[in-house]
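Following: one structure in structure tokens, then a few remarks.
Each reported figure results from applying straightforward, stated rules to the coordinates on display, with no laboratory input. Remember, predicted model here, so these are calculated numbers, not experimental data. Methodologically, a virtual Cβ is constructed for each residue, glycine included, from the backbone with ideal geometry; neighbour enumeration extends over all protein chains shown.
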Number of protein chains: 2
Amino acid sequence: MPADTAADGGGIPPVPVFFLSDSTGISAETMGNALLIQFPELRFERHVIPFITTVQEARRVVAVLDAAMAGPVTPLAFSTTAVTEIRDVLHRSSCPLIDFFDLHMSRVESILGVQGQRVAARLHGVGDIQRYNARMAAVEYAIEHDDGQSLRALDRADVILVAPSRCGKTPTTMYLALQHGVFVANYPLVPEDFGSAELPRPVRALRDRCFGITTTPARLSQVRQERRPNSGYASLEQCSYELRCADALYRRHRIPVINSSAKSVEEMSTVILQFLKHG
Amino acid sequence: MPADTAADGGGIPPVPVFFLSDSTGISAETMGNALLIQFPELRFERHVIPFITTVQEARRVVAVLDAAMAGPVTPLAFSTTAVTEIRDVLHRSSCPLIDFFDLHMSRVESILGVQGQRVAARLHGVGDIQRYNARMAAVEYAIEHDDGQSLRALDRADVILVAPSRCGKTPTTMYLALQHGVFVANYPLVPEDFGSAELPRPVRALRDRCFGITTTPARLSQVRQERRPNSGYASLEQCSYELRCADALYRRHRIPVINSSAKSVEEMSTVILQFLKHG
């Protein structure tokens, strides 16, 4: 498990940051980190305090925040807690608190012309059970169809990621399935596939759902070295060859291409989702 | 792929909602949805507009927003765009805009005593490459160790999820790997394991990293029915038996237990992460 790298290195003491939530804390972390990333010269020591659902728990959190206030660096807290009584307790701490609800809720209410509920809302809970079950089914489908393992029900796929081995198909597949319920299969292009101008037979009729992934030869070689050090498979020459052939195949069949060397799984997934929406 | 279910059913026209971002839009969606979930009586028609990185693109977005303003229901936009010139353009639209940066940045700056950069920051980009690679390695590990498939390097696991078949181990495994870079293996408890008071041999020495998952017999039976309809495996009787035995095993070996029938993968993951931190 990677350490909180933002708290590594450097000599300045880190700023204690608390993410407070009546649910998982995912929204509070996302909100807070979107702001903190704008301060790359500072170090932060992050603490997520989830499931603050009672006034008693809120009081315990206030004690934690007040203790941090006694430290050498003023801490900072982000809260997405929705329930008014709990928010009132949290505001009793002397720790600076960015209260997501405080700042936005009344604005949204006035735009929508409706009173918001202000209840602990479990945005990242099961929520809509049908949507949740679809996400879980998509994960199952993704695992079954990872790396061309199963060709059964390949035509159920919304998206088929094709690429040479180790270009980064699997994590993007999992992200799209888990976060968006997209049915994604991924299919490895192997050297035998490059003898033909055609797409490999199993995906030939499904070209419209294919996305090609490419990367740089240096990056691919590096990733393959970790798997099979000093192999022909990992050589820069072999990697260049496979990527050149794959790129030609994508171009010939007008398959959209995403370069994984410069993009995160979240960014690649966003590009794919936009394609699915707008073509 | 599940439809945007919030836009299904009901007779009132949906409120068009736009999530504007210079990056993936994940933060804008998270922020907006945390507020919109408080208005369950309304329907929303969601549009993510990611990668707004130039003034020209921002102008095109303004045209989209202004067109929505001409519709029957006033739209609403959430923006996490950080660059001042782009934000200035977006604010020219007549569409109500909740500007995340506008509202929070100066507050955070004054608390931290440092000027924020206000650059397009790619919170969901590759970012810290070591941390990113650790997440990717964790996904690979999770797939290799899904469902007890490989016992190789089981002692590298930070977490081992144990449970009877179909209790929901796999999606939580993938979530912890993909989002948090936790090395998670999962190990299925099969009826043969219940003959002994011991944990199955491969995880016996790793008890401290084990988390047990349980669910309700009705829910387990329903999930198994989908896999193998009308089988003994899916019968309510068999499911009750396996869950009873598993619960006894967790109790006997003091393994923390999480009930997947009432919790999402995000919630289960949060519980596990808290355990890892605080024991």
Legend entry - Per-residue Cβ neighbour rank within 10 angstrom, fewest leading, A:Met136, B:Met69, B:Met174: B:Met69, A:Met136, B:Met174
Inset, instruction - Just list whichever of A:Lys169/B:Lys169; A:Lys263/B:Lys169; A:Lys263/B:Lys277 have alpha carbons separated by over 24 Å in the model shown. - result: A:Lys263/B:Lys169; A:Lys263/B:Lys277
Inset, instruction - May I ask for the net charge around A:Cys210, where only other residues with Cβ less than 11 Å from the Cβ of A:Cys210 are counted and Lys, Arg are +1 while Asp, Glu are -1? - result: +3
Legend entry - Over the protein assembly as shown: helical MRE at 222 nm, DSSP H runs n ≥ 4 each giving -39500 (n - 2.57), nearest 500: -13500 deg cm²/dmol
Legend entry - Exam field: B:Lys277 pseudo-label spacings to other copies (7 Å along Cα-Cβ), nanometres: 3.2
Legend entry - Taking chain A and dividing mean pair separation by its residue count, relative contact order in percent (alpha carbons under 8 Å, at least six apart): 13
Legend entry - Cα extents of the protein assembly as shown along the three principal axes, largest first (Å): 61, 59, 55
Legend entry - Label zone at B:Ala70, where the point sits 7 Å out along the Cα-to-Cβ direction: region B:16-43 residues whose backbone N lies under 17 Å: B:16
Legend entry - Nm distances between copies for A:Gln130, ranked from closest, using label points 7 Å along Cα→Cβ: 4.7
Inset, instruction - Kindly put B:Asp208, B:Asp128, A:Asp22 in sequence by how many other C-beta atoms sit within 10 Å of each C-beta, fewest to most. - result: B:Asp208, B:Asp128, A:Asp22
Legend entry - Other-copy label distances relative to A:Ala205, 7 angstrom Cα-Cβ extension, nm: 5.2
Legend entry - B:Glu266, B:Glu237, B:Glu45 arranged by Cβ crowding within 10 Å, fewest neighbours leading: B:Glu237, B:Glu45, B:Glu266
Legend entry - Whether region A:12-112 is rounded, prolate or oblate, judged on the alpha carbon gyration tensor where a/c under 1.5 counts as rounded: oblate
